[in-house]
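The block underneath contains the structure these notes are about, expressed in structure tokens.
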Amino acid sequence: MSTQSSPILSVLTEDLLIRVNEKLVQDSDRKIWRLICKEFHRVDSITRKTLRVLHVEFLPTLLKNYTNLHTLDLSVCPCIEDGTITLLLHRVDHSMWARNLKFLNLRRANGLKFAGLEMLVGACKGLESLDVSYCCGFGDREAAAISGCGGLKELRMDKCLGVSDVGLAKIVVGCGRLVRLSLKWCMEISDLGVELLCKKCLELKFLDVSYLKVTSDSLRSIAALPKLEDLAMVGCPLVNVVGLQFLENGCPLLQKIDVSRCDCVSSSGLSALIRGHNGLLQIDARYTISEFSANFVECMQELKNLNAIIIDGARVSDTVFQTISYKCRSLIEIGLSKCTGVTNMGIMQLVSGCVNLKTINLTCCRSITDAAISAIADSCRNLLCLKLESCNMITEKSLKQLGSHCTLLEELDLTDCFGINDRGLERLSRCSRLLCLKLGLCTNISDTGLFYIASNCSQLHELDLYRCMGIGDDGLAALSSGCKKLRKLNLSYCIEVTDKGMESLGYLEELSDLELRGLDKITGVGLTALVIRCKRLAYLDLKHCGKVDDTGFWALAYHSRNLRQINLSYCSITDMALCMVMGNLTRLQDADLVHLRNVTVEGFDLALRACCVRIKKVKLVAALGFLLSSEVLGILHARGCRIRWD
């Protein structure tokens with residue numbers, strides 16, 4: 001074969017091969033491409049710009065082969081620590097792979113400390129974007145290392161719990177060109193740090209200070225940022241109307257504001273903000289405003305360019321919807337989850353003017369009936385996402401309207417809408433572009449309805465069938481035949497599913513997230529049939545699957561090497577099988593191991609030793625805290641593992 005293909009390859013110049021390679025969008029296609037021959041592999045190596053690493057042991061070889069990377073993602077790669085960085089910089093010619101690197105993702109790299117971070121930053125001279133979110137042990141020393149990135153434009157430090165005003169000061173002095181900065185959950189940062197930030201980083205366009213203990217004084221400082229476009233301050237309980245009044249006369253370019261769960265912010269504060277920024281595009285005030293004042297409704301009339309407003313949990317009226325309909329005709333997203341006062345008439349008024357709506361969230365708006373959904377379907381023909389969880393008065397008539405008029409629909413949440421039946425799913429199946437469908441607690445659907453969905457919605461990526469008691473093996477057979485692109489599936493407490501259904505699921509080769517909680521009819525035979533074929537499983541929930549024995553868990557340990565999160569609570573696994581699972585699954589980072597009645601203390605000790613260098617979260621029965629060896633607990637804590645005691 002190689003002799004026949006050689007003349008063909010000889011007429012394909014490197015430039016042509018690169019252009020062909022650039023047309024390959026899917027990862028699977030790229031993988032096939034580079035396996036064809038050495039020349040194709042070489043072209044892939046020199047053109048690849050993005051790399052997401054899952055196994056730390058492959059990292060040196062990958063960085064040696066891919067020397068033109070712009071983006072390196074190590075967020076799902078366990079065991080990144082100072083020693084790993086030393087190895088990379090000494091054994092791999094870092095001048096090759098690091099010279100072009102611009103985007104580096106180190107989320108949850110809890111093993112990485114000051115020395116390793118300093119070395120890495122020093123090698124990546126051109127770094128523009130860095131993500132160290134959820135590195136909970138990071139403090140001011142690590143912040144000092146980051147300050148060496150003089151060209152940094154984007155920095156995410158969510159939940160770096162040890163970083164204080166001192167560390168932030170070092171960063172803003174060294175990284176004065178920052179454009180995007182997220183400090184969410186950095187609890188040691190105060191008004192003082194924010195004040196210095198706003199004096200030094202005048203290029204900031206995006207700033208997230210969510211869950212910080214900052215006061216309205218911080219908003220006085222933020223108001224001085226001349227280029228700020230997007231401000232997030234979720235869950236800031238000390239910020240009040242005075243702070244928003246500071247913003248009224250500042251931040252002239254502000255377009256997006258998120259004040260969700262700010263207990264002391266009122267509609268009068270938001271009114272002040274709107275008066276100074278009638279060009280706002282997005283307002284997120286979920287669970288902040290209890291009720292709209294007349295002044296706020298009047299101010300909203302100035303927001304002619306508003307394209308998204310989220311007011312979950314507020315008390316609304318038909319008057320509010322009438323104002324939005326007449327004055328905010330550019331609206332493409334509205335969030336009304338758990339709002340009181342939402343009526344059919346209000347929704348009809350809303351959609352009569354806001355015909356460009358693409359996302360509507362009506363979760364727990366229990367007064368909504370088919371009349372409102374019919375109005376939405378008739379007016380919003382470009383609708384992409386509709387959330388109707390717990391809208392119990394919805395029936396098959398609504399699905400008929402959606403199937404007839406909203407053929408572009410991609411996401412639909414019907415959780416706990418018990419008026420939905422198989423006939424409704426048949427009508428809904430006309431929405432052939434559906435990517436996400438949630439039918440949890442829809443107790444009146446069966447395999448017949450699932451057959452309609454599987455027959456027409458071949459693009460489906462996510463399906464939730466939680467506690468759909470009428471779903472069984474026949475429905476899963478139809479699903480595995482028609483929805484080959486399915487990635488996330490929830491079958492928890494679908495109690496009619498057996499090993500035969502598991503065998504059918506094995507044909508869903510794209511499946512990555514699977515919830516099988518409470519399926520007491522599946523055994524080790526079914527689990528084995530599933531994991532042999534589903535090689536991409538990353539999350540698996542087997543809680544209360546009591547009839548799965550060690551044969552299934554042995555198969556899991558051997559075949560499911562991509563698993564990163566697993567729930568084995570209340571399973572019948574034994575010491576040996578648990579040790580195999582925890583030891584063999586080298587990508588595993590999160591495990592729930594509660595109430596394993598067949599596992600001894602010694603079994604837990606050995607299993608945790610087998611995974612202690614890479615596990616990041618583990619859930620155990622509280623009593624084990626007094627029974628496990630102090631040595632293994634010490635190792636887990638030293639490695640940054642978070643133990644949740646049940």
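Considering only V351, F246, Q401, and ranking their Cα positions along the charge dipole of the chain that arises from unit charges at the beta-carbon of Lys, Arg, Asp and Glu, the one farthest toward the positive end is F246.
A cut-off under 10 angstrom between Cβ atoms defines the neighbours of Y539, and their net charge, with Lys, Arg +1 and Asp, Glu -1, is -2.
If the reach is capped at under 16 angstrom between alpha carbons, list the aspartates and glutamates near K327, excluding any in the same chain fewer than eight residues apart. Reachable aspartates and glutamates: E298, E302, D318.
Grab the other residues whose beta carbon is less than 9 angstrom from that of E154, score K and R as +1, D and E as -1, and report the net.
Result for the local shell: +1.
Each residue of segment 299-313 was assigned a 3J(HN,Hα) from its phi angle through the Karplus expression (A = 6.51, B = -1.76, C = 1.60, θ = phi - 60°), giving 5, 4, 5, 7, 8, 6, 9, 4, 10, 8, 9, 10, 10, 3, x Hz with x at Gly and Pro.
Taken about its Cα centre, segment 533-645 carries a charge dipole of roughly 660 debye when the Cβ of each Lys and Arg holds +1 and the Cβ of each Asp and Glu holds -1. Estimated at 0.36 nm per residue, the fully extended path between S629 and C264 surpasses their Cα-Cα distance by 126.7 nm. The F418 and R99 beta-carbon pair, evaluated with R₀ = 51 Å, returns a calculated FRET efficiency of approximately 0.30.
Can you tally the net charge around V594? Count Lys and Arg as +1, Asp and Glu as -1, for every other residue whose Cβ sits under 12 Å from the Cβ of V594.
Values: positive: K543, R597, K619, R644; negative: D592, D646.
Local net charge: +2.
The residues of segment 533-645 expose on average 41 square angstrom of accessible surface per residue, using a 1.4 Å probe on protein heavy atoms.
Relative contact order of the chain: 5 percent, from C-alpha pairs under 8 Å at least 6 residues apart in sequence. Which of the three applies to segment 147-261, rounded, prolate or oblate, going by the alpha-carbon gyration tensor with a ≥ b ≥ c and a/c under 1.5 meaning rounded? Oblate, since a/c reaches 1.5 and b/c is not below a/b.
Using Cβ point charges alone (K and R +1, D and E -1), the dipole size of segment 336-411 about the Cα centre works out to roughly 100 debye.
Of the residues S504, L437, S190, the one whose Cα sits farthest toward the positive end of the charge dipole of the chain, with +1 on the Cβ of Lys and Arg and -1 on the Cβ of Asp and Glu, is S190. An ellipsoid equivalent to segment 304-390, defined through the eigenvalues of its Cα gyration tensor, has semi-axes of 17, 14, 12 Å when rounded to whole angstrom and sorted largest first.
Pairs K102/K213; K184/K213; K113/K200; K102/K617: which exceed 21 Å Cα-Cα?
Beyond 21 Å: K102/K213; K113/K200; K102/K617.
Could you tell me the calculated FRET efficiency between E509 and H55, based on Cβ-Cβ distance and R0 = 25 angstrom, to the nearest 0.05? Once the sixth-power term is evaluated, E becomes 0.75.
Would you kindly state how much longer the chain becomes between S317 and N305 on full extension, computed as 0.36 nm times their sequence separation minus their alpha carbon distance, in nm to one decimal?
Working: separation 12, 0.36 × 12 = 4.32 nm, distance 2.20 nm.
Extra length available between S317 and N305 comes to 2.1 nm.
Starting from the eigenvalues of the Cα gyration tensor, five times each then square-rooted, give me the equivalent ellipsoid semi-axes of segment 533-645, largest first, whole Å.
Result for segment 533-645: semi-axes of 21, 16, 12 Å.
Among [x] 27.6, 98; [y] 27.1, 80; [z] 24.0, 71, which one is Rg and Dmax of the Cα atoms in Å computed from these coordinates? Among [x] 27.6, 98; [y] 27.1, 80; [z] 24.0, 71, the one derived from this structure is [y]. Once you've got the Cα coordinates, tell me which of K500/K535; K256/K304; K64/K488; K488/K547 are over 25 Å apart. Pairs exceeding 25 Å: K64/K488.
This model, with +1 at the C-beta of Lys and Arg and -1 at the C-beta of Asp and Glu, gives the chain a dipole about its Cα centre of some 1240 debye. A dipole drawn for the chain from +1 and -1 charges on Cβ atoms has a positive end, and of F292, L628, Q255 the residue lying farthest that way is Q255. Peptide packing: for 538-545, 286-293, the average count of neighbouring Cβ atoms within 10 Å per residue gives the ranking 538-545, 286-293, highest mean first.
The values are calculated or read from the model by the stated rules, or taken from the named source; none is laboratory data. Not measured: the values here are computed from a predicted model. In this analysis, Cβ positions are derived from the backbone assuming ideal geometry, glycine residues included, and neighbour counts consider all displayed protein chains. Ligands, DNA and RNA are excluded from the accessible area calculation, which covers all protein heavy atoms including side chains. Shrake-Rupley method; radii C 1.70, N 1.55, O 1.52, S 1.80 Å.
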